[in-house]
1. Can you spot a residue in the range 154-166 that is surrounded by 15 or more Cβ atoms within 10 Å (Cβ to Cβ) and not in a helix (DSSP H, G or I)?
2. Based on this model, can you work out whether T402 counts as within 26 Å of D237 (Cβ to Cβ), among the β-branched types (V, I, T) and buried (at least 18 other Cβ atoms within 10 Å of the Cβ)?
3. Which one of these is out of contact with any strand residue (DSSP E or B) (no Cβ under 8 Å at 6 or more places or on another chain), more than 21 Å from N147 (Cβ to Cβ) and modelled with pLDDT of 95 or more: P51, P73?
4. Under 9 Å by Cβ, and 6 or more places apart or on different chains, what pairs join a residue from the range 153-172 that is closer than 20 Å to F287 by Cα and not assigned by TED's automatic domain parsing to the domain that holds S104 with one that is among the hydroxyl-bearing types (S, T, Y) and exposed (fewer than 14 other Cβ atoms within 10 Å of the Cβ)?
5. Out of all the residues in the range 337-347, which are in a helix (DSSP H, G or I) and surrounded by 15 or more Cβ atoms within 10 Å (Cβ to Cβ)?
6. Test F78 against the criterion of being on the phi > 0 side of the Ramachandran plot and under 27 Å from the mean Cα position of the chain (by Cα), and give yes or no.
7. Taking the options N362, N400, name whichever one is in the same structural domain as N268 (by TED's automatic domain parsing) and closer than 29 Å to Y291 by Cβ.
Amino acid sequence: MKKFYVSVIILLTSVYVSAQKIDRIITVKKVSKIEKTLSADDMEGRAIFTPGIDKAAAYIAKAFKKAGLQPPPSSTNFFQEFTLIEAKQTTASGTVNSSHMDSSHIIAFTSKETLSVTQDSGYENVQINAGDKLFNTAYGYITSGKNYVVWVDTAHAKNFFNLLRLKRESFRSDNSVLFVLTEQEPVEYSFSIQHRITEKKLKNVVGILPGKNRSAEKEEYVIFSGHYDHLGIGQPDAKGDSVFNGANDDAAGITAVIMLAKYFKKVNNNERTLVFAAFTAEESGGFGSQYFSKQFEPDKVTAMFNIEMIGTESKWGANSAYITGYEKTDMGKILEKNLEGTAFKFYQDPYPDQQLFYRSDNATLARLGVPAHTVSTSKMDSEPYYHTPGDEFSTLDIKNMTEIIKAIALSSASIVNGTDTPSRVDTKQLR
C-alpha cells in the first residue's frame, strides 16, 4: 500500500511539474513560427513529388533533430523512405478457348513489367456477374493481396475500360489481378500483358524519443502524427491565388507534432517510447501512414494520437476538440480524466456519417486493433477554406491552436508515462 501511495505522489508531482513547464515550452510565438513556415507560399503547397514538399520535409527533420529526437532505425536523417510503383499498361494479348481476345478487353493490375497468365499459373478464377457492382467488386479483388483472373460479364462492357481509373500509384506487390471481359466459359486461356513501370520515391519524416525503462522485448510505443503533404499549386481563385497552402490541413497537425516533440523531450519522463511522425501522401491515398504502420508490430503500439486540422475552433468553440472513433476504445475517457480541472474538453466525433475514423492516417493501425484516433476541430460541414487557396495562416486561431496542443500534451501524460493503457479496438466490429 505504501508503494502505491508513493507512486501516486510521484505521478501527481510529475503532472504538476509538466503543467508548470508547458506554458514555457508551448507558446503562441513558437507555434506561430512553425505554422507560418510550413504554410508559406515558398513551400508551394507541399504537393508530393515537388521541391516544395522536399523543402518541408527538410524543415521538419531539422526541427526533430533540434528537439533532441533520434532517427528511426536504419536511417541517419529522420527520413523514412519508400517507393510507389506506377504501372502503365502498354500492350495486351490473349486467347480464351483458342479464340483471340481484343486487347481492350484485358486489363491487368500488377507491379511486373511482363505478366504471363495461363490456366496453369495458379491464379484463382472468379466472376463479376451482370448484377454485381463492377467497381466495388473489382476494388476488393485488387486490394486482396491474392492472384486472380476475374471474368467480367459483357453486361459491364460500357464501363469495363473505366477500370483503368482504379490504376494508381501503389506499393510494389507480388500479387496480380487480371480482368477479362468475355461471355465465354473459360477452359483454356493464355494472356501476356506488358507494363511500363515507373518508380516514385516518397518519404515520411520520423523521430524517436526512447522510453526510460522499457527493454527491447517489452518496448511499447506511443505515436504522435499528422500529414505534411497538401495539394500544391492549382487553379487561381477569385483573388488570383493559386497556392494551396494547407495551413489548417495539415500544417497545423505537423506544428503540433513538432511542439509535442520539444515538450516531451524537455519534460523527460516518458516510460514508453514516443514516435513523432509526419506522413506524406495523405491527400493521395494515405500511402505514407500505410507504409509507416507496417514498420511496427501492432501489439506494441499502445496508442496513436493523429492530429489533423486543429487551426480553427470546433463547433463547441474555444478550448475544445473531438476524437474520431471515441466510442471504440476508452482512450478518450483517459484523456478527459487527465484534463479534469482544466478549461479544455474533448468531445465525441459530431460527424459520424462522414466516417472520419477510417479516412485519416490513424485508420491503418486502428484496423489492426491499435487505439489510434484522430484529434481535430474541423467543422466538416462548414469549413470555408477546406482544400482551397484560402487555407492560409491568417485564417487560423493560433491562440486556440496553442491551447489544443497543450491539452494533447497534458491529456496524454498517463499514457506516455506508462500509468494508463487504453483498451484496444475490437477489430471484429470494424466495417
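1. Among the residues of the range 154-166, not one is surrounded by 15 or more Cβ atoms within 10 Å (Cβ to Cβ) and not in a helix (DSSP H, G or I), which makes the answer no.
2. Values: within 26 Å of D237 (Cβ to Cβ): no; among the β-branched types (V, I, T): yes; buried (at least 18 other Cβ atoms within 10 Å of the Cβ): yes.
Spelling it out, it is not the case that T402 is within 26 Å of D237 (Cβ to Cβ), among the β-branched types (V, I, T) and buried (at least 18 other Cβ atoms within 10 Å of the Cβ).
3. Result: P51 is the single residue among P51, P73 that is out of contact with any strand residue (DSSP E or B) (no Cβ under 8 Å at 6 or more places or on another chain), more than 21 Å from N147 (Cβ to Cβ) and modelled with pLDDT of 95 or more.
4. Taking only residues 6 or more apart or on different chains, not a single pair turns up.
5. Narrowing the range 337-347 to residues in a helix (DSSP H, G or I): 337-338.
The answer is N338, and nothing else.
6. So F78 fits the description; yes.
7. N362 is the lone residue from the list that is in the same structural domain as N268 (by TED's automatic domain parsing) and closer than 29 Å to Y291 by Cβ.
Table: residues versus (1) within 17 Å of H105 (Cβ to Cβ); (2) out of contact with any strand residue (DSSP E or B) (no Cβ under 6 Å at 6 or more places or on another chain).
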site	(1), (2)
Q127	yes, no
D132	no, yes
S144	no, yes
N147	no, yes
A155	yes, yes
N159	yes, yes
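The values are calculated or read from the model by the stated rules, or taken from the named source; none is laboratory data. All values reported here derive from a predicted model rather than from experimental measurement. Cβ coordinates were reconstructed from backbone atoms using ideal geometry, including for glycine residues, and neighbour counts include every protein chain displayed.
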